[in-house]
Amino acid sequence: MSNKKLFAEFPPVSTEQWEEVITKDLKGADYGKKLVWKTAEGIAVRPYYRAEDLRQVKHADAQVGAFPYVRGAKGDNRWLVRQTYCACTDKEKANAQALDGLMKGVNSLGFCFKGKLSDDDLEILLKGIYLDAVEVNFVGCTCSGTGLTQKLAAYAQKAGARLDEVAASIDADPLREMTTTGVLADDAFDRQKNAVVAAAALKRLRNVGVSGAAIHNAGGTAVQELAFALSMGNEYLAQLTDRGLAVDEVAPRLKFTFAVGASYFIEIAKIRAARMLWANVVSAYRPEKSCAGQMKIHAVTSAWNQTAYDAYVNMLRGTTEAMSAAVAGVDSLEVLRFDKAFRAPSEFSNRIARNTQALLKEEAHFDQVADPAAGSYYIETLTQSIAEEAWKLFKLVEEKGGYVAAFKAGFIQEQVKASAKKHDGNIATRREILLGTNQYPNFSETLDEAVRTSLAAGAKEAAPACCCCNDDQPAPVGEPLKPYRGAQAFEALRLKTEKSGKQPQAFMLTFGNLAMCRARAQFASNFFAVAGFKVTDNNCFANVDEGALAALAASADIVVACSSDDEYAEGAPAIAEKLGGKGILVVAGEPACKEALQEKGISHFISARSNVLETLKEYQKELGIA
């Protein structure tokens, strides 16, 4: 067999040659501004990567299953399909849903609950579930770690399961509670120690949770989520080893939960970097077994990205996010139901969430190749970049005394709030797009009363972190980070219009250059539909007189002049004169004659530079929508 390389007949092209051609094609334009983009994490992404870039990647020779586990610790890419069921009130229903899920592709069960689970509760929840064949996970009261560990061991033994084969997790995570409520019980780490000790017989139980997702869902970046999750994990290692436990006892009990956001390659790189960095954190404690540094990762698709309007788009978001997690090689994955933000689960939404993962496994075969991203010039470079930035931030937290100290000092909150503010600003100006919400809305969509009520009340299902085992709630140690969704401000804007009982009409007065007037009419139509305004579009009027008469006949509240910049100088004042103050005249664009038009009393302009959210709020005020 010949070892001849493919395309050997073509001469190699150096990076310098590529760059010369690119520079020539740019014709003097700034290379950095035109072709290099900055991620939310501040990482500069170049337009292309080549094999030579791998020379700078320190982990390029890493192997699957070997330290530092950047390529995974399992040796394969199989992951567990999780679905979570609410056991806060109806335990029988949660059990029935779980058994149904097991018949339809789920092999990792989640139960969220409030307070403590009694022996009877556990009997009901786990009836018909074989603990040595199915992973079970409990998400609820942070204070219940020790008691639930003991109850689970007793139940498993009674059910005849082999204790060393019981794969389970108890998401007892006081640092997540502190992050989201500001409260940290004085004996939180003592309880964590007791929980670890109580788990001795359950070799595969992970009963110390670490939630990077709490950072993501408050608006944090991928780097912040990774760095702060590492810091939380390190805090647990430090606190529990200080209490006499060996790192080999503690590290295998930790389970990390990461959210998977919309930036496909960033999320792949984040999870790969997470394994690598955690292995190095644990190695600093000098464990006896190198496997102690293997990070157990549960991933969940982003709640922050979900929208209430055009909710079926959430199915698409969940699919691409799940793909990132699968490529990155997580241990288990939950695809959130597309309607989680505003209603209780239906069989349909549960089925779609399950089948998203089934499709990735059964049709796309994502589970057949370990670390398929390995060797990608771009992803390997991105993995290193995210690792470097996250490590810098992790070290900053450690210099401040660790996660608890940094949180009490407000450093964590300051970092995440700054990121959230930037996200919010980008969404308000449509630098970040949420389809169906701040761009390309469904013009005719309205939310029913049940959904409005649910949105007003907030998420229903997630079991909140709590200290319900204490009679007296501890005083907050810091300001909590509040989870929210990026779409909420725009949803509130549109809901305000719906609740007002009014539906202002935005009339597209198109004239002049056909290409320009249609482009601007499309832009303006989407702009005003975002607020739930009725949009009346028109192809192209013969002249401004015809358009103005049609706008008056339609009793339009807003009349949008849509044409080319050159035609606004005469056209816009003519429209204003014809309208005679009936309706708000808006010019679509930022024409060179803007100042001249303003001098003539035309004061409303919309363009790609507009803050869509704030501009639409102003129009609501002008139209009496309070």
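Structure values in brief
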quantity	calculated
Identity of the residue in region 77-96, part of a loop (DSSP other than H, G, I, E, B) and free of Cβ contacts under 8 Å to residues at least 12 places away in the same chain, that ends up surrounded by the most Cβ atoms within 10 Å (Cβ to Cβ)	Asp90
From Lys38, Lys58, Lys33, Lys27, residue being on the phi > 0 side of the Ramachandran plot and of a type outside the set (Phe, Trp, Tyr)	Lys27
When residues of region 1-31 are limited to those that are among the polar types (S, T, N, Q) and part of a loop (DSSP other than H, G, I, E, B), the one farthest from Tyr49 (Cα to Cα)	Ser2
Condition check for Ala328: crowded, with 20+ Cβ neighbours inside 10 Å, within 17 Å of the chain's Cα centre (by Cα), assigned by TED's automatic domain parsing to the domain that holds Ala273 and within 30 Å of Tyr236 (Cα to Cα)	yes
Hits in region 439-471 (condition: modelled with pLDDT of 75 or more, closer than 18 Å to Ala303 by Cβ and under 20 Å from the mean Cα position of the chain (by Cα))	Leu455
Members of region 404-451 that are more than 22 Å from Ile606 (Cα to Cα) and in contact with an Asp or Glu (Cβ under 8 Å, 6 or more places away or on another chain)	Val404, Gly410, Gln413, Glu445, Thr446, Leu447
Flag for Glu288 being touching a residue at least 12 places away in the same chain (Cβ under 8 Å), crowded, with 24+ Cβ neighbours inside 10 Å, of a type in the set (Asp, Glu) and within 22 Å of Gly75 (Cα to Cα)	no
Ala274 out of contact with any helix residue (DSSP H, G or I) (no Cβ under 6 Å at 6 or more places or on another chain) and either of a type outside the set (A, V, I, L, M, F, W, C) or assigned by TED's automatic domain parsing to the domain that holds Ser376 (or both)	no
Members of region 198-257 that are crowded, with 23+ Cβ neighbours inside 10 Å, under 26 Å from Val166 (Cα atoms) and of a type in the set (S, T, N, Q)	Asn207, Ser211, Thr257
Selection from region 583-593 of residues that are buried (at least 19 other Cβ atoms within 10 Å of the Cβ), within 23 Å of Gln620 (Cα to Cα) and of a type outside the set (A, V, I, L, M)	Gly583, Gly589
Residue check, Glu546 outside the structural domain of Ala574 (by TED's automatic domain parsing) and either in contact with a strand residue (DSSP E or B) (Cβ under 9 Å, 6 or more places away or on another chain) or of a type in the set (Asp, Glu) (or both)	no
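Table: residues versus (1) assigned to a loop (DSSP other than H, G, I, E, B); (2) of a type in the set (Val, Ile, Thr); (3) under 22 Å from Leu202 (Cβ atoms).
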site	(1), (2), (3)
Gly75	yes, no, no
Ala98	no, no, yes
Lys114	yes, no, no
Gly128	yes, no, yes
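The values are calculated or read from the model by the stated rules, or taken from the named source; none is laboratory data. If you're wondering where the values come from, they're calculated on a predicted model, not measured in any experiment. Here Cβ is always computed from backbone atoms with ideal geometry, including for glycine, and neighbour counts include all displayed protein chains.
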